[in-house]
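Some notes on the structure that comes next.
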Amino acid sequence: MADERKGHTNKKDHQLDQFRVDDKGKKLTTNQGLKVSEDEFSLKAGVRGPTLMEDFHFREKMTHFDHERIPERVVHARGFAAHGEFQLYESMRNVTKAKFLQDVTIKTPVFVRFSTVVGSRGSADTVRDVRGFATKFYTDEGNFDLVGNNIPVFFIQDGIKFPDMVHAIKPEPHNEIPQASSAHDTFWDFVANNQETAHMIMWLMSDRAIPRSFRMMEGFGVHTFRFVNEQGKAYFVKFHWKPTLGTHSLIWDEAHELAGRDPDFHRRDLWEAIENGYYPEFELGVQIINEEDEFAFDFDILDATKIWPEEDVPVRIIGKMTLNQNVDNVFAETEQVAFHPGHVVPGIDFTNDPLLQARLFSYTDTQLIRLGGPNFHEIPINRPVCPFRNNQRDGYHRQTINVGKVSYHKNSLAGNTPSEASVAEGGYQHYQEKVEGRKVQGRSKSFADHFSQATLFWNSISETEKMHIINAFRFELGKVKSKSVRQQVVDMFANVNLELAIAIAVDIGVVPPKSGGSNITKASPALSQQNTTFSAFSRSVAVIVTDGFHDADVKYVLSSLKASGLQPEIVSEKLGIITGMNGTQLEVDHANLTADSVLFDAVYMIRGSDRNKKFNKDIAYFIDEAFSHYKTIGATHEGIQWFEINDFDGKTGVVIANNMNTFAHEFIKEVAVHRHWNRQIV
Ligand code: HDD
């Protein structure tokens, strides 16, 4: 089915195809295969009488329904996923023996699940939160899971604190408020009393926590992993995903409004981009540190609250992942996929990062409760594309029928098979790191500096990004009822930057700190979103137009936008057809009632009907709001008069068609800018 269905296929797609079921045009049966003749009325003793236990179809249907739900993930419950492929640009053979990172001709199937962390499955997409970015590579040597986030550091240094951190950020237990938000007392109490959170909080309060799209987020493996090459030499490595569209964000007001107008904004964006052929692309980057240089930095490279500044350790771009196929069934694929940072292949290994070590336990454990037993690797989305075999048997929901009587090792009855593979045959061998020490419960002194990189982040970003961080702190702490917690947090962040702490303090009713500050002056320009890639490709444009438009000009602009990869969508008074002066007909995509500027990246205003006062008023709001969200707005024809009257003329990011031949080009150039921050918004 795969080939004709989507037009592109790979090993994983072929495998999944064996499990895809299409019931269209078929007869209804029970789960036992019995054809069902009545699905509307249960079996009763008389048409007005009681339902009979004997009705096996009713019982089966109802029982299955009653058991449809499984526990949602304890974190990252709300997610959305897609299939794709990864291809290498250059062989990494000198540093890793992982085959999929050696052969540039291999296309490795991938499955990527993006998620928010805190909210439940039914929460909104655009909340302020970390985004999960988990990738399963189905390699010929087994599955490799890169279970990362869109922020390169983490809240805590040791996994034993993970349950505490999650309890603090989740809705408060006595009233389950607030949903999908960190703006409450327990979270900020945790922050102030666990100061290793400082760096992560700077990122969480930044624009990174409100991405414009899953397609426009960076991804990070966060931990330091190991590469091991064929000679057994090891390297420290950090993984990065870089979106080819650049890293872009919503603004807070927009994120808020979207949570109501379209809580599915991010999943819809991903789904539609793939359906429409705007395949999201992410380049894989690696930062590599030689083993000999483990202690060459002023931070501990095993500390997950630290980045390796890109200017010090360059990110080498080694390949690209393209997401080109939506799932067929969200439950079967997105919900049942089981990621695990411990799923590695030869050539990729772990380090002693205490956060990573804890994760190696937690992920299998959580799948056991979530997916109901130890055979979750047999669920189609989780199956490797290479053969898998061992002496593990039985358990809930076992699918394979293992023939023969031998299920132990060593044996003679089956010639001691399945047998172990030597390293030369591809058997996994743990890196033989020398370890010695006393058994202790403690933190290495090299993990003690919680503030320098938080300041580095602050130093690296633009004034606009800084203002957003200040406002995010003001919002979050403004929701904290405990004045003591608010004061503790402000005092804590005085260690990052004194002006930042003072700016927060003045708005949230606590005493501005008098001392503090940091002597860190270093900056890492790569951390600022101002230095990302800017592109108009795949940006959505609301085209506001009613009957009587200028046919040739409008057709020309729309086709120019499409030719440059933008997505114009017609917004008008009502759904149906609108007709130009010379009879051109356009299908309306959105009636104004269901459209809003927050759903689009830019607005192109052609004509406001002067017949419909309500529409005129709504459109005025639409454009005002787009303007206040720093978006590009353009006008031709009657739209121009509108702009003149409403005083938009001459403002930055406002494109008025003085010349129809150049309008589309100028407009597209401005759309690529995404936000015109230097616009004065009062
Ligand atoms: Fe985790 C899910 C990412 C630390 C325990 N985590 C989960 C997911 C992502 C991450 C993306 C969702 C995967 C999916 O889509 O199914 N987690 C991270 C990152 C971390 C991190 C980047 C720090 C670098 N996590 C972390 C720690 C622990 C966990 C320290 C526990 C010791 N994470 C879990 C979990 C989850 C999970 C409870 C919930 C659902 C699941 O695993 O499958 O086991």
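The values are calculated or read from the model by the stated rules, or taken from the named source; none is laboratory data. Bear in mind the structure is a predicted one, so any value in this text is a computation, not a measurement. Here Cβ is always computed from backbone atoms with ideal geometry, including for glycine, and neighbour counts include all displayed protein chains. Quick note on the areas: whole protein, heavy atoms, side chains included, nothing else; ligands and nucleic acids left out. Shrake-Rupley method; radii C 1.70, N 1.55, O 1.52, S 1.80 Å.
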Length-normalised contact order of the chain, Cα under 8 Å, at least 6 apart, in percent, tallies to 12 percent
Among the lysines, which fall within straight-line cross-link reach of residue 27, defined as a Cα-Cα distance under 25 Å, with same-chain neighbours fewer than 8 residues apart omitted?
35, 44, 61
Rounded to one decimal in nm, the spacing of the 7 Å Cα→Cβ label points at residue 443 and residue 26 is 5.7 nm
Could you tell me the relative contact order of the range 525-579? Use alpha-carbon pairs under 8 Å, at least six residues apart, and round to a whole percent.
46 percent
Just read off the accessible area of residue 409 with the full protein assembly in place, 1.4 Å probe, to the nearest 10 Å².
90 Å²
Three-way shape call for the range 534-671 based on the alpha-carbon gyration tensor, with the a/c threshold at 1.5:
rounded
Count the DSSP beta bridges whose two residues both fall in the range 534-671, then state the antiparallel fraction as a percent rounded to the nearest 5.
15 percent
Peptides ranked, highest mean first, by Cβ atoms within 10 Å: ranges 563-575, 116-128:
116-128, 563-575
Once you order the gyration tensor axes a ≥ b ≥ c over the Cα atoms, which shape class does the chain get: rounded for a/c under 1.5, otherwise prolate or oblate by comparing a/b with b/c?
oblate
Between residue 176 and residue 316, 0.36 nm times their residue separation minus their Cα-Cα distance comes to what?
46.0 nm
Straight-line reach from residue 514: which lysines fall under 30 Å, measuring Cα to Cα and dropping same-chain residues less than 8 apart?
306, 445, 466, 479, 481, 483, 522
Share of accessible surface on carbon and sulfur in the range 534-671, whole %, 1.4 Å probe and ligands ignored, is 50 percent
Percent of accessible area on the range 449-530 owned by carbon and sulfur, 1.4 Å probe?
54 percent
Arranged from highest to lowest average of other beta-carbon atoms within 10 Å per residue, in what order do the peptides 366-373, 59-66, 548-555 appear?
548-555, 366-373, 59-66
Leaving out ligands and nucleic acids, note down the accessible area per residue over the chain with a 1.4 angstrom probe, in whole Å².
47 Å²
